[in-house]
Amino acid sequence: MRTTDDVEVDSLAPPHLNTITEAFRVGSTTKVSYLPDGLMNRNWHLSTDRGDYALKHITDIPASTARRNLHVLAGLADRGVPTCRPLRTRDDDPVLIVDGHAYCLLPWITGHHLPGPTLSPEQAAELGTTLGRIHQALNHPLPPDGLDLADQPLRAAVTAPEDALAIADRYLHAASAAHDAFGQQTVTLLQHRKRLIAAHATDRPTSDQPAGPVGWTHGDLQHRNILWHQQHVLAVIDWDRIRIRPFAEEVARTATIQFGSEQGTLDLTRTAAFVAGYRSVITLSDDDLLDGLHRLWWKRMSDFWQLDFHYDRGDDSCDHLFLANEEFLHWWTSHRSDVQEAFGRGWR
């Protein structure tokens, strides 16, 4: 942290800070603090003489996609979704481009990020209700400005076991050649994954047609993107991944990410409460939910995106997610019937 002209500036502050504050008309900066918890973009807490703001350096999606999503965000706020409106520049644009770098600025929201296992069952149900309201607001009666009607059939590719095994072998070669601690762990885990894929090859989804309703979704409703205040959801943030998906897929993904423990297990009571909260808003049959759950399980079985980051992009920020995913995948595979029951039975 360095101090210049009575302004506390983090050493990781963006180089275009003055241009950003002038463009968004937020006054004079008093403090800038880097937020290290984000995985895909770079973020700061920006304080000025006019208030506090969340500043994002957009690196994970094209600026055009970010601009569309930020326009959608303003429409969702109008529809009562717990979120906040992005600020606009002097040119009425929610995205500022400076020397090829894209930034957006939003009001700072004071709240807490609560890991899913720390939520009460009642809070888990509220989170499910919140997701249902998001799906409603994104799709009914029509999507917000900037989004087309999600009225086309959706296909969901199912990775063939032999393709998954070939990808595993490619990363096995890369990990073996790395001669480092992560590589050694990866070799062992990939050998286990290959055995798991081979053992369950016939259990994969047989159709590329997902069951149940599809529509626009948030895409990344995990605890870093949810702010709580006084035991209730205050705001949902980070809307970078708005996309058309099966609703059941987002329900399943959110539950398994939110309520997975550090021990590689899933809290089934909180999962059931979350699903029941969602179904109090959006109608999903048991078959729809179980289809989404099945597809997500096979996607976890056949996907290696964290290794793509590590070995193909030179980015180790998601290494810990690969290690955690392997432990959880083995537990889930051994407890598939218990997980299915939690999704189908509802919370009692």
Spot the failing condition for Asp316; the list is (1) surrounded by fewer than 21 Cβ atoms within 10 Å (Cβ to Cβ); (2) at pLDDT 95 or above; (3) acidic (Asp, Glu), and only one is missed.
(2)
Please determine whether any residue of the range 57-74 is free of Cβ contacts under 8 Å to residues at least 24 places away in the same chain and more than 23 Å from the chain's Cα centre (by Cα).
no
Restricted to the range 126-139 and to residues being within 15 Å of Arg245 (Cβ to Cβ) and under 17 Å from the mean Cα position of the chain (by Cα), the residue surrounded by the fewest Cβ atoms within 10 Å (Cβ to Cβ) is Gly132
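Considering Arg67, Arg85, Arg90, which residue is at pLDDT 95 or above and either in the same structural domain as Trp216 (by TED's automatic domain parsing) or over 14 Å from Ile20 (Cα atoms) (or both)?
Arg67
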Return a yes/no flag: does the range 209-223 have any residue that is over 30 Å from Gly116 (Cα atoms) and of a type in the set (Val, Ile, Thr).
no
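Here is a yes/no grid of residues against (1) outside the structural domain of Cys318 (by TED's automatic domain parsing); (2) modelled with pLDDT under 95; (3) farther than 15 Å from Ile97 by Cα:
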residue	(1), (2), (3)
Glu8	yes, yes, yes
Asn18	yes, yes, no
Gly27	yes, no, yes
Lys31	yes, yes, yes
Ser47	yes, no, yes
Ala54	yes, no, yes
Pro62	yes, no, no
Have a look at Asp240, Asp267 and point out the one that is buried (at least 17 other Cβ atoms within 10 Å of the Cβ), of a type in the set (D, E, K, R), under 30 Å from Trp108 (Cβ atoms) and in contact (Cβ under 8 Å) with a residue 24 or more places away in the chain.
Asp240
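When you check Ala102 against the structure, is it farther than 20 Å from Arg270 by Cβ and free of Cβ contacts under 8 Å to residues at least 24 places away in the same chain, yes or no? Walk me through it before giving the result.
Numbers: farther than 20 Å from Arg270 by Cβ: yes; free of Cβ contacts under 8 Å to residues at least 24 places away in the same chain: no.
No; evaluated as a whole, the condition is false for this residue.
Would you pick out the residues in the range 191-222 that are among the aliphatic types (A, V, I, L, M) and under 30 Å from Asp238 (Cα atoms)?
Ala211, Val214, Leu221
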Condition check for Pro153: in a loop (DSSP other than H, G, I, E, B), farther than 16 Å from Ala248 by Cα, in the same structural domain as Ile226 (by TED's automatic domain parsing) and in contact (Cβ under 8 Å) with a residue 24 or more places away in the chain
no
Can you find even one residue in the range 95-110 that is more than 30 Å from His16 (Cβ to Cβ) and either hydroxyl-bearing (Ser, Thr, Tyr) or surrounded by 15 or more Cβ atoms within 10 Å (Cβ to Cβ) (or both)?
no
In the range 128-159, residues that are among the β-branched types (Val, Ile, Thr) and more than 25 Å from Ala276 (Cα to Cα) total 2
Residue check, Ala175 against (1) surrounded by 13 or more Cβ atoms within 10 Å (Cβ to Cβ); (2) assigned to a loop (DSSP other than H, G, I, E, B), all met but one. Which one?
(2)
For the range 189-205, name all the residues that are touching a residue at least 24 places away in the same chain (Cβ under 8 Å) and farther than 17 Å from Glu327 by Cα.
Ala198, Ala201, Asp203, Arg204, Pro205
Could you tell me whether the range 114-125 includes any residue that is within 17 Å of Pro246 (Cα to Cα) and of a type in the set (A, V, I, L, M)?
no
Filter the range 69-86 for residues that are surrounded by fewer than 19 Cβ atoms within 10 Å (Cβ to Cβ) and in contact with a helix residue (DSSP H, G or I) (Cβ under 6 Å, 6 or more places away or on another chain) and give the result.
Arg79, Arg85
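The values are calculated or read from the model by the stated rules, or taken from the named source; none is laboratory data. Everything numeric in this text was worked out from a predicted model, so none of it was measured. Note that each Cβ is placed from the backbone with ideal geometry, even for glycine, and that neighbours are counted across all protein chains shown.
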